[in-house]
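Asks: Got a structure here, written out as structure tokens. Questions coming.
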Amino acid sequence: MVAAHMTSTGIASPSSGMSSAIGDVIAGLRHWELWGTLGWHDIRQRYRRSIVGPLWLTLSMGIMVAGLAFLYAGLFGKSIENYLPYVATGMIVFNLISTIVTESADVFIGSASLILQLRAPLSIYVHKMLWRNLIIFAHNMSIYLIILVFAQLPLGWNMLLALPGLFLLVLFGVWVGLILGTLSARFRDIPPIAGSIMQVAFFLTPVFWLPSALSNRELFVHLNPFYYLLEVIRMPLLGQTPPWYLWGVVVGLNCVCAVLSIAFFARYRARIAYWV
């Protein structure tokens with residue numbers, strides 16, 4: 001059986017590597033108690049002697065949301081009651097997108113000691129990173145709940161569409177984590193590059209400005225993949241139903257990234273422990 005998956009030179013065949021990579025991702029999901037505990041431990045360690053703890057992130061997010069909403073509502077001639085929910089949801093969701101991408105570049109490097117000591121699927125470190133950021137995202141959603149009372153948004157059942165949008169974003173994070181994490185283990189220039197890209201993407205994505213403001217450059221918005229990841233979650237949170245093409249782009253983005261990441265992870269997975 002083993003020989004069927006080996007080449008004549010004794011090196012594992014591509015099909016064997018692909019099955020091992022897929023098995024690693026599945027096995028990592030089954031170790032949910034491990035990466036769940038590690039993710040929660042990361043947050044506790046980061047804010048171990050802080051009185052407010054991870055709510056510092058929520059406070060800073062709330063201050064930034066209030067400042068941007070007040071400033072750009074005046075620039076765009078919008079009422080603060082209508083513009084504040086738009087900015088708040090955009091900031092909260094894009095912060096999740098940004099931290100997933102930037103921390104994906106450090107996912108294996110930052111866990112080097114565990115990788116060298118613990119015999120476990122490598123994908124658990126990607127799952128741990130995603131779980132940690134979902135906990136922070138849940139804290140930040142308290143800002144959204146406060147704004148719900150302030151703005152009195154007309155919400156309906158379409159608000160629940162934010163859940164499949166969030167699932168697709170987290171799934172996208174798995175593929176990005178495998179690619180960037182592996183690349184960063186080999187090339188240490190990747191983390192600062194990823195951070196710089198997300199800083200630029202924050203201003204190029206309609207987080208606090210409206211796509212209608214670029215009436216002659218709408219193609220510029222629609223070529224931005226972060227726009228689709230943002231809107232499939234933000235629109236339901238604002239009581240709107242995302243059009244079908246948004247879902248199609250996000251699903252297609254996941255499919256393409258899944259194929260690329262599994263192939264890449266299968267090719268270099270065995271070398272990660274030596275690179276970190």
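Asks: Suppose we filter Ile97, Ile92, Ile124 for residues that are of a type in the set (A, V, I, L, M), at pLDDT 85 or above, farther than 23 Å from Leu204 by Cβ and part of a helix (DSSP H, G or I); which single one remains?
Replies: Details: Ile97 fails: farther than 23 Å from Leu204 by Cβ; Ile92 fails: farther than 23 Å from Leu204 by Cβ.
Only one candidate qualifies: Ile124.
Asks: For segment 28-43, which residues satisfy the criterion of being surrounded by 15 or more Cβ atoms within 10 Å (Cβ to Cβ) and in a helix (DSSP H, G or I)?
Replies: The answer is Gly28, Leu34, Trp35, Gly36, Leu38, Gly39, Asp42, Ile43.
Asks: Related question: Given the structure, is Phe167 free of Cβ contacts under 8 Å to residues at least 60 places away in the same chain and among the hydrophobic types (A, V, I, L, M, F, W, C)?
Replies: Details: free of Cβ contacts under 8 Å to residues at least 60 places away in the same chain: yes; among the hydrophobic types (A, V, I, L, M, F, W, C): yes.
Taking the combined requirement at face value, the residue satisfies it.
Asks: What do you reckon, is Ile147 in contact with a helix residue (DSSP H, G or I) (Cβ under 7 Å, 6 or more places away or on another chain), in contact (Cβ under 8 Å) with a residue 12 or more places away in the chain, buried (at least 19 other Cβ atoms within 10 Å of the Cβ) and farther than 19 Å from Val93 by Cα?
Replies: Criteria not met by Ile147.
Asks: Those residues that are of a type in the set (Val, Ile, Thr) and within 19 Å of the chain's Cα centre (by Cα), I need them from segment 182-226; list them, please.
Replies: Scanning segment 182-226 gives Thr182, Ile190, Ile193, Ile197, Val200, Thr205, Val207.
Asks: Another question, then. Tell me, yes or no, whether segment 180-193 has at least one residue that is among the polar types (S, T, N, Q), closer than 26 Å to Phe265 by Cα, crowded, with 20+ Cβ neighbours inside 10 Å and in contact (Cβ under 8 Å) with a residue 12 or more places away in the chain.
Replies: Among the residues of segment 180-193, at least one is among the polar types (S, T, N, Q), closer than 26 Å to Phe265 by Cα, crowded, with 20+ Cβ neighbours inside 10 Å and in contact (Cβ under 8 Å) with a residue 12 or more places away in the chain, which makes the answer yes.
The values are calculated or read from the model by the stated rules, or taken from the named source; none is laboratory data. This one's a predicted model, so the numbers in the text were calculated from it and none came from an experiment. Using ideal geometry, Cβ is built from the backbone for each residue, glycine included, and neighbour counts are taken over all protein chains shown.
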